[in-house]
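Here the structure is laid out as structure tokens; the discussion comes afterwards.
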Amino acid sequence: MSYTYDDKNIFAMILRGDIPNTTVKETEHTLAFRDINPQAPVHILLIPKGKYVTADDFAANASAEEIVDFWRCYGEIAAEEGLAADGPGHRIISNAGEHGLQEVPHFHVHILGGQGLGPILTPRG
């Protein structure tokens, strides 16, 4: 799989309005929407509107305004969904590259919560 930005990826299509979504929050630089195949009672995808492939690409190349907007949006969603760390908490996941099993070449964070989620990884034997 190539990890260059592909304007045909599903998140690019959502951002263009080609594919509908259930928006949770939208700002100038960020879009959050419910996952169509949720892995927990709360499963929200948070994506920047810019063309960034991975978290490290976003960190290295996004403007300060984009970075602040993205992480503030994340914090607001955690609070609004009742998942803040001073409550039941949640998990965020971002896959990057081949070893991270990234499927969509657009940086995104999964926000998961609403139940106990178990271990992140199983020990290697």
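The values are calculated or read from the model by the stated rules, or taken from the named source; none is laboratory data. Every value quoted in this text rests on a predicted model; they were computed, and no experiment measured them. Positions of Cβ are backbone-derived with ideal geometry, glycine not excepted, and every protein chain shown enters the neighbour counts.
Numbers at a glance
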| quantity | calculated |
| --- | --- |
| Evaluation of His90 against (1) of a type outside the set (Val, Ile, Thr); (2) more than 15 Å from Ile111 (Cβ to Cβ); (3) surrounded by 18 or more Cβ atoms within 10 Å (Cβ to Cβ) (one fails), failing number | (2) |
| Any hit, segment 95-113, residues being in contact (Cβ under 8 Å) with a residue 60 or more places away in the chain, of a type in the set (Phe, Trp, Tyr) and closer than 18 Å to Asn9 by Cβ | yes |
| Residues (closer than 16 Å to His110 by Cα, surrounded by 15 or more Cβ atoms within 10 Å (Cβ to Cβ) and of a type outside the set (Ser, Thr, Tyr)) located in segment 63-75 | Phe70, Cys73 |
| Condition check for Glu80: touching a helix residue (DSSP H, G or I) at 6+ places or on another chain (Cβ under 9 Å), among the acidic types (Asp, Glu) and modelled with pLDDT of 95 or more | no |
| Output for segment 9-52, where each listed residue is of a type in the set (D, E, K, R) and farther than 19 Å from Asn95 by Cα | Arg16, Asp18, Lys25, Glu26, Glu28 |
| Test for Phe11: is it out of contact with any Asp or Glu (no Cβ under 9 Å at 6 or more places or on another chain) and buried (at least 18 other Cβ atoms within 10 Å of the Cβ) | yes |
| Among the candidates Ala32, Ala85, Ala59, residue that is at pLDDT 95 or above, of a type in the set (Gly, Ala, Ser) and either over 12 Å from Phe107 (Cα atoms) or surrounded by 13 or more Cβ atoms within 10 Å (Cβ to Cβ) (or both) | Ala32 |
| Residue within segment 111-120 that is outside any strand (DSSP E or B) and either touching a Cys at 6+ places or on another chain (Cβ under 7 Å) or crowded, with 16+ Cβ neighbours inside 10 Å (or both) present | no |
| Whichever residue in segment 35-50 is surrounded by fewer than 19 Cβ atoms within 10 Å (Cβ to Cβ) and touching a residue at least 40 places away in the same chain (Cβ under 8 Å) and, among such residues, is nearest to Arg16 (Cα to Cα) | Asp35 |
| Yes/no for Gln102 being surrounded by 13 or more Cβ atoms within 10 Å (Cβ to Cβ) and among the polar types (S, T, N, Q) | yes |
